[in-house]
Amino acid sequence: MLDLIINAEEVYDEETKTFSTQGGEVLSLEHSLVSLSKWESKFKKPFLSGGAKTSEEILEYIRFMINTPGVSPEIFLKFKDEHFTKVQEYIDSSESATTFGVMPERKARGEVITSELIYFWLVNYNIPWEAQYWHLNRLFALIRICNVKTSKPKKMPRNDIARQNRELNEQRKAKLGTSG
């Protein structure tokens, strides 16, 4: 979860010789499947498509991310560049200790990722519904782990097997000093 303090003042305390923040409104935001689903429901297009978003679409997604009740829409008039930067950094963060090697992307297969597809993965992998409130990248990490752990090992193509056998035979011949 990301907490942003909007419209706060930085004050210097002469006694302690420190700066502190006073006032302002605290917004709690969550980049989750729920916020993604709400955005896609409104705009009728995939959020994760990678296409450019209008200012209205970005502000609306941030609005859907807000978990703080009773927030006035005018709060966005008080947003500064630093707030947008923090939101983008939060959206881009992995929020997980799990790392992956290079894995093929689903887009290579022509699959567009939408909130409904992600909900399908939740059902398919028996992931608890509570996960729809997790940071989206953390949920994707869990889905990738489920996919890797449940997928059957792929058979090696015949030409790769033959190449590997040739290499092993050449290594053995070189090691033993034979011609075959």
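Once both axes come from the Cα atoms, what is the angle between helix 136-150 and the longest principal axis of the chain, in degrees from 0 to 90, rounded to 10?
The angle comes out at about 20 degrees.
Give me the one-decimal nm value for the distance between modelled label points at Ser151 and Ser179, 7 Å along each residue's Cα-to-Cβ direction.
About 4.6 nm separates the two model spin labels.
Which angle from 0 to 90°, rounded to the nearest 10, does the C-alpha axis of helix 158-176 make with the longest principal axis of the chain?
Rounded to the nearest ten degrees, it is 60.
Just tell me the longest site-free run in the chain, where the sites are GluC sites (Glu not before Pro) in a DSSP loop having at most 11 other beta-carbon atoms within 10 Å.
No qualifying site falls inside 16-104, the longest such stretch.
Roughly how tilted is helix 33-43, in degrees to the nearest 10 and between 0 and 90, from the longest Cα axis of the chain?
80 degrees
Between Phe43 and Glu89, what is the spin-label point distance in nm, taking each point 7 Å from the Cα along the Cα→C-beta axis?
Result for the modelled spin labels: 2.3 nm.
Tell me, what ³J(HN,Hα) does each residue in the stretch 89-95 have, in order and in whole Hz, if you take phi through Karplus 6.51 cos²θ - 1.76 cosθ + 1.60 with θ = phi - 60° and put x for Gly and Pro?
Values per residue, Gly and Pro as x: 4, 5, 4, 7, 5, 6, 6 Hz.
Between Asn137 and Leu77, 0.36 nm times their residue separation minus their Cα-Cα distance comes to what?
Separation in residues times 0.36 nm, less the Cα-Cα distance, equals 18.8 nm.
Choose one answer from Leu136, Leu36, Leu77: the residue with the largest mean-square fluctuation in a GNM of the chain with alpha-carbon springs under 10 Å.
Maximum among the listed residues: Leu77.
Per the Kirkwood definition applied to all pairs of different Cα atoms, how many angstroms is the hydrodynamic radius of the stretch 2-150?
Here the Kirkwood hydrodynamic radius works out to 17.5 Å.
By how many nm would the segment from Thr16 to Glu56 grow when fully extended, if each residue of separation counts as 0.36 nm and the alpha-carbon distance is taken off?
10.1 nm
Please compute the modelled spin-label separation between Arg144 and Glu167, points set 7 Å along Cα→Cβ, answer in nm with one decimal.
Distance between label points: 2.5 nm.
What ³J(HN,Hα) values, in whole Hz, does the Karplus curve 6.51 cos²θ - 1.76 cosθ + 1.60 give for the stretch 130-135 when θ = phi - 60°, with x put for Gly and Pro?
4, 5, 5, 9, 6, 4
Values quoted throughout were computed directly from the atomic coordinates according to the rules given, and no laboratory measurement underlies them. Just so it is clear, the model here is predicted, and its values are computed rather than measured. No Cβ is skipped: glycine too gets one built from the backbone with ideal geometry, and neighbour counts run over all protein chains shown.
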